[in-house]
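Take a look at the structure below.
The values are calculated or read from the model by the stated rules, or taken from the named source; none is laboratory data. Here the structure is a predicted model, which means the values were calculated and not measured. Neighbour counts run over all protein chains shown; Cβ positions are idealised from the backbone, glycine included. Only protein heavy atoms, including side chains, enter the accessible area calculation; ligands, DNA and RNA are left aside. Shrake-Rupley method; radii C 1.70, N 1.55, O 1.52, S 1.80 Å.
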Amino acid sequence: MRSVISDILEEGGIDVVSVAKNGREAIDAVAETDPDVVTMDVEMPEMNGIEATDRIMSTRPTPILMLSAHTDENADVTFEALEKGAVDFFRKPGGEVSMEMSRMQDQLVEVVESVAAVDPTDSSDVASARTAGSGVATDGTTSAETTGRATAATTEYVEEPTVVVGSSTGGPTVVEQVLSDVMIEPTFTAHPTEARRKTVKAKLRTIAERLETLDERRLTDTERAQAWRDVEAEVTSLWQTPQVRKRRPRPDDEARNVQWYLENTLFDVVGEVYDELEEALEDAGLDVDVPTLFRFRSWAGSDRDGNPYVTPDVTTDTLERQREVAIERFQGVLGRLSGVLSQDGDRLAVGPAVQASLEADRERLPGVAEEAEERYPDEPYRQKLALMRERLVRVDDVRPGGYADVDAFLEDLDLLAASLRENGAGVVAEAVVDPVRRQAAAFGFTLAALDLRDHQENHTATVGEVLERAGIDYASMAEADRQAVLTEAIEQDATVVDLADTGGLSDTAAQVAERFDALADWQSEYGIEAIDAYCISMTEHPSHVLEVLFLADQAGVVTLPEDSGLDVVPLLETESALSRAEEILGTLFENDAYGTHLAARGDTQEVMIGYSDSNKENGFLAANWSLFRNQRRLGAVTDDYGVDLRLFHGRGGSISRGGGPMNRALLALPRETVSGAVKFTEQGEAIAEKYGNPRIAERNLEQMLHAQLLARQSAIEGPAEDVPEEWLEAMETMADVAREEYRDLIETEGFVAYFERATPITVIEELNLGSRPASRTGERTVEDLRAIPWVFSWTQSRCILSGWYALGTALEAYLDGEGDLETLREMYQEWPFFRTTLDNAALTLARTEMGIAAEYADIAPAALRERFFPRIEAEYERSLEHVLAITDRETLLTRDWLAESLSLRNPYVDPLNLLQARLLGQQHRSAAEERTLRLTVKGIAAGMKNTG
């Protein structure tokens, strides 16, 4: 593509002074050649066109024309490119790209000449050019007359302008490889349960739908009056609805909450994302089959870590309910298909494959087949659909004939689609059958696969107790001896223990044994794919992983060397575990039993990394650096052993717990870890914000896919990220200083007491937000407190130190030492990790209100306030100063809409904070005041848009 564009411009009399294959090269080329204009592709490896545009405009303002098959006037990416300073955009055509671009030669040359005449530092000049050029960047069919009008409206042409061309690399082969590698698995968790009740969320959604109707539909006066009446009625009902839960939600409530988004939003939206992708590929002239790119998973109803209420019965109920929902949705979809596939059998030949399938169904379901033939004579597709619906009914039925698994269902859908295409009805297959296939591939008969999870201490205790029955003193063994015993037990054919016999076991051991015993039954009843991963919290040693493999082996879920039905997933969340990740995994990969298990799982190792506890333990900057550095190590060790790495990112909703813009987070990951497959948690309010509205859900999935496709392409083209040693050393220096400052703060005598008084933690612990306790043991220490209420409390008090504390001290220490501001600015401009880290900190700093935080600090005893608040406030100011200096900005927020959002929000949230602080400061509160205090937590959480 770069050569095609260069040839077109050269033939048009434009001197192409340089050609760049990525954003970094484009920046260097602009600096070296000082061109009159730059054409910039949006999608490029290493650094995309938007980032390159931002850098060029901040260092050497130059007119830029964005060029991409993925832009149009209403696309977010287009607005972002224009926001960064691009003058205009020009859409690459569909079809055979080089041929179509050649046909558009005159248009492209005129637009480049037009853009070259614009002063990029003059906003009125740029605005005029954009208005004039609005008809240019539509598609390959733009008329010469339209183009002429566009160019005539600009000032004057730059005669024979010079140009730097930056464009993407690759073609169908690269696209196919990238698509085949990518698999995105959002994993919904039950925690932190959001502050709003489900009833309140439903009412808010109804109000939003009514307002959307008023905004987007042409209504008669009567219809408009009725719509406003409905809005008023719903608002009145909302106002009179209890905002506070009377009881804690049970695990099954949390599972139903997650299920709601899967059933009511994602099930319908996911097909639209595929449609958009396929249309974009077609527009780019790429004939590529799109594989399955999304699958969904859940912890709700299966995450036992710290939640004793998640029992095997809860997990069974969750699996059963999810299957029922999936089957019901597919039955409904097939019913709608039957209304479309009414083709006359006498006028088409359905083909031998469909005939053979119908015959097999007749033998399988003779009575149903006879009824279908009577009801739909000479309509073979409808007959087939009736039989398919019956087979769906019998999936969860004692009667025979049901689908054995979703693959059999997919085969029938493929038969229908192929037959339609053979009969000249390809558009029908594309419109109504292909979307169902996408849904079936993404959701299966399980809706969302479940991950089991528990704390490693519980597994260790269980293994110790069951092996003690066999005369093995596991509890007193050293780590190496434990590994040896577990390996031998896994490799031998005979079982060592009977997990079904829980007599004499402690409550903890009995619960773990029952879970593994039930796991075999769950996989037998619902399919291995319904529940095929087990996450181990607080993994510290290889034996912690082997213990789970041993228990799965004893339950019959793992039968080596033939089969292993479980991914064993270590969760590395402490600094010690993360720093020893290479040792832990290397030991496992060299273990005979575990190596055999990996081979049975396709030589893929899933590793979960915890953002929440790492942040609470080390502070924002040190935790982010530790996670980045150790992800690179994970990539290196898996590569050394020839194992595919699938990272599972335990991200929370807030930036303090790994949250923030998902697409930027994916693009900032170390390339060594980007295998294409990725999992990440979706939690709390983030679920409602991202998936409550179908259009927002679609956009969110598209952003995930966009980022992961780009990240995988970059990883293929350059598997190891070339980060200058100077930058790595700078980060090591800053992370060490940040960790020391953060630890010194939380370990200072009296800090926990200050935290209790200067935040609403005591109120949060009593709220009926989730089924899981707020702390692990009930002790009042930072270590014992779960990360969610820790962040929730600081967010409520508007002193969100968990998202920035010690950053300023770390940056200042680097600058006071051998560092310099220009190096930090260069790191920010060119290193996605550092840029994302600082941008996330800037967002949290912008959401922090130290004036409000001071009101909470005043609640604490005077000695504690003076010991801690001035220190925290000084760190805030220090962090603010250095972030603005490095980013070379006057304000923390780069998006006008976000600044506007905060300015609109604060007048409503600030009074709630002041009321909350006043009530917290009272020694005695009436029942009404207690209720009001709880309501302020809900209101502030709604305004801040997360609980933690």
- Which residue, of Val325, Val288, is in contact with an Asp or Glu (Cβ under 9 Å, 6 or more places away or on another chain), modelled with pLDDT under 95 and more than 30 Å from Val763 (Cα to Cα)? Val288
- Task: For Tyr534, indicate whether it is in contact with a helix residue (DSSP H, G or I) (Cβ under 6 Å, 6 or more places away or on another chain), open to solvent by 10 Å² or more (accessible area, probe 1.4 Å), on the phi < 0 side of the Ramachandran plot and aromatic (Phe, Trp, Tyr).
- Result: no
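The rows are residues; the columns are (1) over 21 Å from Gly803 (Cβ atoms); (2) at pLDDT below 85; (3) not charged (D, E, K, R).
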{"position": "Leu745", "(1), (2), (3)": "no, no, yes"}
{"position": "Glu756", "(1), (2), (3)": "no, no, no"}
{"position": "Glu765", "(1), (2), (3)": "yes, yes, no"}
{"position": "Leu769", "(1), (2), (3)": "no, yes, yes"}
{"position": "Ala774", "(1), (2), (3)": "no, yes, yes"}
{"position": "Thr777", "(1), (2), (3)": "yes, yes, yes"}
{"position": "Asp784", "(1), (2), (3)": "yes, yes, no"}
{"position": "Phe792", "(1), (2), (3)": "no, no, yes"}
- Message: Looking at the range 2-13, can you tell me whether even one residue there is at pLDDT 85 or above, part of a helix (DSSP H, G or I), of a type in the set (S, T, N, Q) and open to solvent by 30 Å² or more (accessible area, probe 1.4 Å)?
- Response: no
- When the residues of the range 350-359 are filtered to those that are part of a helix (DSSP H, G or I) and open to solvent by less than 40 Å² (accessible area, probe 1.4 Å), which remaining residue is farthest from Glu390 (Cα to Cα)? Val354
- Note on the structure: Within the range 705-742, residues closer than 30 Å to Val269 by Cβ and not hydrophobic (A, V, I, L, M, F, W, C) come out as His706, Gln708, Arg712, Gln713, Ser714
- The residue from Ala841, Ala846, Ala860, Ala854 that alone is of a type in the set (Gly, Ala, Ser), part of a loop (DSSP other than H, G, I, E, B) and either out of contact with any strand residue (DSSP E or B) (no Cβ under 8 Å at 6 or more places or on another chain) or open to solvent by less than 20 Å² (accessible area, probe 1.4 Å) (or both) is Ala860
- How many residues of the range 245-285 are open to solvent by 30 Å² or more (accessible area, probe 1.4 Å) and not in a helix (DSSP H, G or I)? The answer is 6
- Search the range 14-46 for residues being buried (at least 23 other Cβ atoms within 10 Å of the Cβ) and more than 19 Å from Val115 (Cα to Cα), and hand back the single one that is farthest from the chain's Cα centre (by Cα). Gly23
- Do you know which of the residues in the range 611-625 that are in contact with a Lys or Arg (Cβ under 9 Å, 6 or more places away or on another chain) and under 24 Å from Trp299 (Cβ atoms) is most open to solvent (accessible area, probe 1.4 Å)? Glu617
- Query: Of the residues that sit in the range 360-385 and are without any contact (Cβ under 8 Å) to a residue 24 or more places away in the chain and part of a loop (DSSP other than H, G, I, E, B), which one is most open to solvent (accessible area, probe 1.4 Å)?
  - Reply: Pro377
- Which listed residue, of Thr681, Thr673, is closer than 17 Å to Phe188 by Cα and either of a type in the set (D, E, K, R) or surrounded by 21 or more Cβ atoms within 10 Å (Cβ to Cβ) (or both): Thr681
- Query: Among the numbered criteria (1) at pLDDT 85 or above; (2) part of a loop (DSSP other than H, G, I, E, B); (3) of a type outside the set (Phe, Trp, Tyr); (4) under 25 Å from Leu281 (Cα atoms), which single criterion is violated by Pro61?
  - Reply: (4)
- Considering residues of the range 558-570 that are of a type outside the set (Ser, Thr, Tyr) and open to solvent by less than 10 Å² (accessible area, probe 1.4 Å) only, the residue farthest from the chain's Cα centre (by Cα): Val558
- Message: Checking the structure you have, find out if any residue of the range 708-719 is closer than 14 Å to Pro186 by Cα and surrounded by 17 or more Cβ atoms within 10 Å (Cβ to Cβ).
- Response: yes
- Item | Subset of the range 666-695 (residues that are of a type in the set (Gly, Ala, Ser) and in contact with a strand residue (DSSP E or B) (Cβ under 8 Å, 6 or more places away or on another chain)) | Ser675, Gly676, Ala677
- When (1) modelled with pLDDT under 95; (2) closer than 16 Å to Gln605 by Cβ; (3) buried (at least 20 other Cβ atoms within 10 Å of the Cβ) are applied to Glu573, the one that fails is (2)
